[in-house]
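Here the structure is laid out as structure tokens; the discussion comes afterwards.
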Amino acid sequence: MSVRVRFAPSPTGALHIGGVRTALYNYLFAKKNKGTFILRIEDTDQTRFVVGAEEYIEQSLKWAGITPDEGVSNGGNYGPYRQSERKDIYKKYAQQLLDEGRAYYAFDTPEELGAMRDRLKEARVANPQYNAVTRMQMSNSLTLSAEETQAKIDAGEPYVIRIKLPRNEDIRFKDIVRGWVVVNTATLDDKILMKSDGMPTYHMANIVDDHLMEITHVIRGEEWLPSAPLHIYLYESFGWKAPEFAHLPLLLKPDGNGKLSKRAADQLGFPIFPLNWTDPVSGELSVGFKEAGYLPDAFINFLALLGWNPGGEKELFSIDDLIDAFSLDKINKAGAKFDIEKAKWFNQQYLKFMSDEEITDQFMALIDADIDRAKAKAIALSLKERVTFIQEMPEAGKFYFEAPSEYDEKVARKKWNEEASAKLLEFATELKEKSSYNKDSVKELLTEVLERDEMPIGRVMPALRLALTGQAGGPDLMEIVEILGADETFERIKKASEVLN
Ligand code: GLU
């Protein structure tokens with residue numbers, strides 16, 4: 001049987017980075033096994049529906065390169081892929097459970113449910129539930145006659161459909177990540193399968209769809225582990241084979257203290273959403289990884305290693321390497337600490353891998369100066385190993401476009417001297433006479449000029465850098481001279497001499 005997996009987000013807001021990781025692991029697992037990756041939108045909870053969230057999910061996956069094989073936008077043979085368009089399917093399956101006595105109608109009003117909970121609390125029941133014990137005191141098709149039940153339905157009384165769990169039975173399954181999980185039904189309650197608005201709950205829709213879409217492996221966040229026993233029971237109730245389960249470890253705050261939340265990310269000043277997201281209610285803008293300057297490949301590499309450990313020292317994995325190395329048994333049980341410095345490190349590495357032409361394109365899009373491509377390319381390449389994000393390049397290379405208006409005071413005090421400046425002017429004057437030069441011949445000329453007076457190169461280098469950039473550090477100095485050109489180099493040395501001598 002070929003592998004079929006799904007990412008099944010609910011469009012209740014922006015997609016959290018943990019959701020992207022879930023999607024990624026599903027995707028990697030599908031590709032590794034030559035299977036199918038499905039995007040299903042679980043939008044049956046109308047009270048939590050957020051406008052724009054579905055589009056946001058799709059755009060985020062697209063940016064990250066996690067492309068579904070089947071789903072809301074690209075279709076497939078198992079659609080529709082949006083649960084709100086599958087209402088009739090769930091009704092049919094709920095009816096099947098009712099007919100077989102595995103589910104029942106419940107008519108209890110919110111007041112009646114509240115009264116039951118109060119009664120149980122008074123009797124010191126720690127965890128009041130609607131279950132095998134309590135359901136026999138409630139208003140449902142187990143306590144009412146068939147005629148009474150039908151009369152209520154015909155009269156249009158609101159009702160829900162609940163699963164009928166056995167009183168005391170172990171449910172067991174083997175999770176790929178967590179091993180054997182055993183839960184007794186006495187600790188569960190008769191969860192609602194169909195709500196009074198005729199919509200299925202998450203549990204019902206999820207199981208029916210995973211079955212009908214022939215999902216072989218459910219790979220999802222650990223927060224769904226408590227629901228898994230009920231899901232297993234539902235598969236049994238329908239007489240269906242359950243898929244395999246792999247519950248992924250939580251993403252933790254950098255200090256390992258609790259779940260990584262938007263609040264924690266905001267406080268620590270890093271993104272938590274893949275793309276910019278404007279909260280439709282508060283209007284608050286959250287900057288995404290994309291807009292913060294992360295390259296999608298770096299983001300994916302970083303994310304893949306948050307909770308999955310292929311073993312060995314290797315850290316840089318292209319998407320193909322990830323697919324090749326991926327397996328569910330290397331997913332960690334323990335939560336994964338989120339480390340934004342590591343994310344930045346990955347970005348820097350991927351910036352280095354970027355082709356010269358690509359980095360030139362991106363750099364040119366960021367600057368509004370009117371310069372030719374060859375010069376832009378030279379500037380971009382001189383800067384690429386000196387920044388973490390492409391967006392930092394215009395600022396880091398500002399001196400290429402403007403002569404410095406200020407000079408680093410400390411360097412000026414320690415390294416600037418008239419002798420050096422005179423020597424530098426001599427060098428620049430001679431450079432101006434050359435018809436062509438590159439960083440190597442610039443270096444040769446400077447060495448030659450200095451040798452005449454037996455002046456060590458270390459005496460003039462900091463001064464030259466100061467004159468050209470105003471700063472103490474930066475790209476290769478000979479490269480800067482080559483890019484600025486002889487005339488500009490001369491002018492800047494002259495100006496610095498006037499200001500600093
Ligand atoms: N709709 C659920 C969510 O929002 C899906 C959980 C699952 O994968 O079963 O995460």
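The values are calculated or read from the model by the stated rules, or taken from the named source; none is laboratory data. In this text, all values refer to a predicted model and were calculated from it rather than measured experimentally. Reconstructed Cβ throughout: ideal geometry from the backbone, glycine too, with neighbour counts over all protein chains shown.
What number of residues within the stretch 289-309 satisfy the criterion of being touching a residue at least 40 places away in the same chain (Cβ under 8 Å) and in a loop (DSSP other than H, G, I, E, B)? Explain how you work it out, then say what you get.
Applying the first criterion (touching a residue at least 40 places away in the same chain (Cβ under 8 Å)) to the stretch 289-309 yields 289-290, 292-304, 306-308.
With the extra rule that they be in a loop (DSSP other than H, G, I, E, B), the set shrinks to 289-290, 292-295, 306-307.
Of the residues in that region, 8 qualify.
Yes/no matrix, rows are residues, columns are (1) at pLDDT 95 or above; (2) of a type in the set (A, V, I, L, M, F, W, C):
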site	(1), (2)
G101	yes, no
A106	yes, yes
N127	no, no
S139	yes, no
I153	yes, yes
R172	yes, no
R178	yes, no
V183	yes, yes
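Looking only at the stretch 194-208, residues that are surrounded by 23 or more Cβ atoms within 10 Å (Cβ to Cβ) and farther than 11 Å from H231 by Cα come to 2 in all.
Taken over the stretch 213-231, the criterion of being buried (at least 19 other Cβ atoms within 10 Å of the Cβ) and of a type in the set (A, V, I, L, M, F, W, C) is satisfied by M213, I215, V218, I219, A228, L230.
Does G258 fit the bill of being under 30 Å from Q96 (Cα atoms) and more than 17 Å from the chain's Cα centre (by Cα)? Step through it out loud before you land on a result.
Numbers: under 30 Å from Q96 (Cα atoms): no; more than 17 Å from the chain's Cα centre (by Cα): yes.
Considered against the rule, which asks whether it is under 30 Å from Q96 (Cα atoms) and more than 17 Å from the chain's Cα centre (by Cα), G258 comes out as no.
Out of curiosity, is W224 free of Cβ contacts under 8 Å to residues at least 24 places away in the same chain, within 15 Å of the ligand (Cβ to nearest atom) and not aliphatic (A, V, I, L, M)?
Details: free of Cβ contacts under 8 Å to residues at least 24 places away in the same chain: yes; within 15 Å of the ligand (Cβ to nearest atom): yes; not aliphatic (A, V, I, L, M): yes.
When the stated conditions are applied, W224 passes them.
Condition check: more than 21 Å from L97 (Cβ to Cβ) and in contact with a His (Cβ under 8 Å, 6 or more places away or on another chain). Does V182 satisfy that?
no
Here is a check on your reading of the model: is H217 touching a helix residue (DSSP H, G or I) at 6+ places or on another chain (Cβ under 6 Å), at pLDDT 95 or above and closer than 21 Å to I38 by Cα? It is false that H217 is touching a helix residue (DSSP H, G or I) at 6+ places or on another chain (Cβ under 6 Å), at pLDDT 95 or above and closer than 21 Å to I38 by Cα.
Results for (1) of a type in the set (D, E); (2) loosely packed, with under 15 Cβ neighbours inside 10 Å, shown as yes or no for each residue.
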position	(1), (2)
E402	yes, yes
E406	yes, yes
E409	yes, yes
K415	no, no
L446	no, no
V449	no, no
L477	no, no
E482	yes, no
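Filter the stretch 177-221 for residues that are among the small types (G, A, S) and touching a residue at least 12 places away in the same chain (Cβ under 8 Å); which is nearest to the ligand (Cβ to nearest atom)? I'd like the intermediate steps shown before the answer.
Filtering the stretch 177-221 for residues among the small types (G, A, S) gives 179, 186, 196, 198, 205, 221.
Now drop any that are not touching a residue at least 12 places away in the same chain (Cβ under 8 Å), which leaves 186, 196, 198, 205, 221.
Working: A186: 24, S196: 21, G198: 19, A205: 9, G221: 6 Å.
That would be G221.
Among the residues of the stretch 391-404, is any farther than 27 Å from E291 by Cα and not acidic (D, E)? Looking for residues that are farther than 27 Å from E291 by Cα and not acidic (D, E), one finds at least one in the stretch 391-404, hence yes. Report yes if some residue within the stretch 76-93 is out of contact with any Lys or Arg (no Cβ under 6 Å at 6 or more places or on another chain), surrounded by fewer than 20 Cβ atoms within 10 Å (Cβ to Cβ), hydroxyl-bearing (S, T, Y) and in contact (Cβ under 8 Å) with a residue 40 or more places away in the chain; otherwise report no. Scanning the stretch 76-93 turns up at least one residue that is out of contact with any Lys or Arg (no Cβ under 6 Å at 6 or more places or on another chain), surrounded by fewer than 20 Cβ atoms within 10 Å (Cβ to Cβ), hydroxyl-bearing (S, T, Y) and in contact (Cβ under 8 Å) with a residue 40 or more places away in the chain.
Out of (1) touching a residue at least 12 places away in the same chain (Cβ under 8 Å); (2) in a loop (DSSP other than H, G, I, E, B); (3) of a type in the set (A, V, I, L, M), what's the single condition that is false for A343? Evaluating A343 over (1) touching a residue at least 12 places away in the same chain (Cβ under 8 Å); (2) in a loop (DSSP other than H, G, I, E, B); (3) of a type in the set (A, V, I, L, M) leaves (2) as the failure. For E357, the criteria (1) within 23 Å of G473 (Cα to Cα); (2) in a helix (DSSP H, G or I); (3) at pLDDT 95 or above hold in every case but one, which is (1).
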